[in-house]
Amino acid sequence: MPAPTYALAKRLNHILTPCVPSRYNLHSSAEFLEEIRDSPETGIIALLDVESLFTNVQVDETIDMVLDRVYRDQSTPPLNIPEAALRALLEICTKKAPFSTHRGQMFHQKDGVAMGSPLGILFANFYMGTVEVRVFGQIQRPRKYARYIDDIFVQADDEE
């Protein structure tokens, strides 16, 4: 049985997905595998995995990233939802979302986004996409960099 906030989280995911910073984000695992397969075998190649990103994503920080992108980034079309209302809805679907065990016990998610939540991938992509924009604004991007949710493919000319 889905959590009581599941339908709301699904709708928020639909509304916010077009706002995700997605310059380096791939859309499928097949596309990720194509990146790996089609890359020349030169330089240094690394495959990275962000361990337990869904359950460890910083919820408050990610909500701030979402709000900054939606309400303060000129490249994002404005939403017809007041900022305080969107913050409250995101918090309800993440920090305050109840779930039950197979024995019927009710709990609240303390950290990260609950597995199975429609906001799991959205928050992972928002967090990673925002970090990528910040990092690649300060350092030179490797020859090739691509990400599918929490899996990263990097190809660089040297270790530095």
(Q) So, for the chain, what is the accessible surface per residue at a probe of 1.4 Å, expressed in square angstrom? (A) 63 Å²
Q: For segment 1-112, with all protein chains present and a 1.4 Å probe, just round the carbon and sulfur fraction of the accessible area to a whole percent.
A: 54 percent
Q) Around Arg147, with a cut-off of 13 angstrom between Cβ atoms, what is the net charge of the other residues, counting Lys and Arg +1 and Asp and Glu -1? A) -3
Q: Report, in order of residue number, the helices in the chain meeting two criteria: a C-alpha extent of 18 Å or more along the helix axis, and a mean Kyte-Doolittle hydropathy of at least 1.6; treat each whole DSSP H run as one helix.
A: none
Q) Which one of Asn125, Asn80, Asn13 has the biggest mean-square fluctuation once the chain is modelled by GNM with Cα springs under 10 Å? A) Asn80
Q.
Using alpha carbons only, how many angstrom separate the centre of segment 94-154 from the centre of segment 21-81?
A. 9 Å
Q) Do you know the relative contact order of the chain, to the nearest whole percent, from alpha carbon pairs under 8 angstrom that are 6+ apart? A) 41 percent
Q: Any chance you could run the full-extension gain for Thr55 through Arg11? It's 0.36 nm times the residue separation minus the Cα-Cα distance, nm to one decimal.
A: 13.8 nm
Q. For Asp73 and Arg143 in one chain, what is 0.36 nm times their gap in residues minus the Cα-Cα distance, to one decimal in nm?
A. 22.5 nm
**Q.** Per-pair calculated FRET efficiency, R0 = 25 Å: Val135 and Gln105 via Cβ, rounded to 0.05
**A.** 0.05
Q | Shape box of segment 58-133 [Cα atoms, principal axes, largest first, Å] | A | 48, 27, 16
Q: Principal axes first, then extents: for the Cα atoms of segment 5-80, list largest minus smallest coordinate on each axis, whole Å, largest first.
A: 47, 29, 22
**Q.** Sparse-neighbourhood loop sites, GluC sites (Glu not before Pro) in segment 1-59 - DSSP loop, at most 12 other Cβ within 10 angstrom
**A.** Glu41, Glu51
**Q.** Reference-scaled alpha-carbon Rg (2.2 N^0.38 Å with N residues) for segment 1-144
**A.** 1.18
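The values are calculated or read from the model by the stated rules, or taken from the named source; none is laboratory data. No experiment lies behind these values; they were computed from the predicted model shown. Here the Cβ is made from the backbone with ideal geometry for all residues, glycine too, and neighbour counts use every protein chain on show. When the accessible area is computed, the model is the full protein with side chains, heavy atoms only, and any ligands, DNA or RNA have been set aside. Shrake-Rupley method; radii C 1.70, N 1.55, O 1.52, S 1.80 Å.
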